[in-house]
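Every number here is computed from the coordinates shown, using simple stated rules; none is lab data. A quick note: this is a predicted structure, and the numbers were derived from the prediction, not measured. Neighbour counts run over all protein chains shown; Cβ positions are idealised from the backbone, glycine included.
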Ligand SMILES: [Zn+2]
């Protein structure tokens, strides 16, 4: 048995009260239902785009610094951050079995943070 109150709902799009025709009806109208789902899809796409942009930029910075430097590919963390590098954006983590050091993967590159010197070392996957 349904009580009348079960059918009084709040539409997530317009936040108005409405009387639902079915118990599982969530929106006041078909328009507000599709508006809600379109907005969610737009938000999702823009979040993906933002993360993709950070990852691509990180990869470009690692690539530039890797070929810029001779010998050890080590840079201070603040220098890299000033160049636009965002250390919290990477594609994966690999732990070196022998040392336990964590390598952060960015496409064909990887970086390792050395907290004792506050430096980032860059590696390239051949
Ligand atoms: Zn509505």
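One residue alone among 110, 23 is touching a strand residue (DSSP E or B) at 6+ places or on another chain (Cβ under 6 Å) and free of Cβ contacts under 8 Å to residues at least 40 places away in the same chain, and that residue is 110.
Restrict the check to the range 7-30 and report whether at least one residue is in a helix (DSSP H, G or I) and either more than 16 Å from the ligand (Cβ to nearest atom) or farther than 30 Å from residue 125 by Cβ (or both). Lay out the reasoning, then the answer.
Our first condition is that a residue be in a helix (DSSP H, G or I); within the range 7-30, this holds for 7, 30.
Then keep just the ones that are either more than 16 Å from the ligand (Cβ to nearest atom) or farther than 30 Å from residue 125 by Cβ (or both); that gives 7, 30.
Yes, the range 7-30 contains a residue that is in a helix (DSSP H, G or I) and either more than 16 Å from the ligand (Cβ to nearest atom) or farther than 30 Å from residue 125 by Cβ (or both).
Those strands (runs of 3 or more DSSP E) of the range 37-114 in which at least 2 residues are surrounded by 12 or more Cβ atoms within 10 Å (Cβ to Cβ) and in contact with a helix residue (DSSP H, G or I) (Cβ under 8 Å, 6 or more places away or on another chain), considering only elements entirely within it, cover 109-114.
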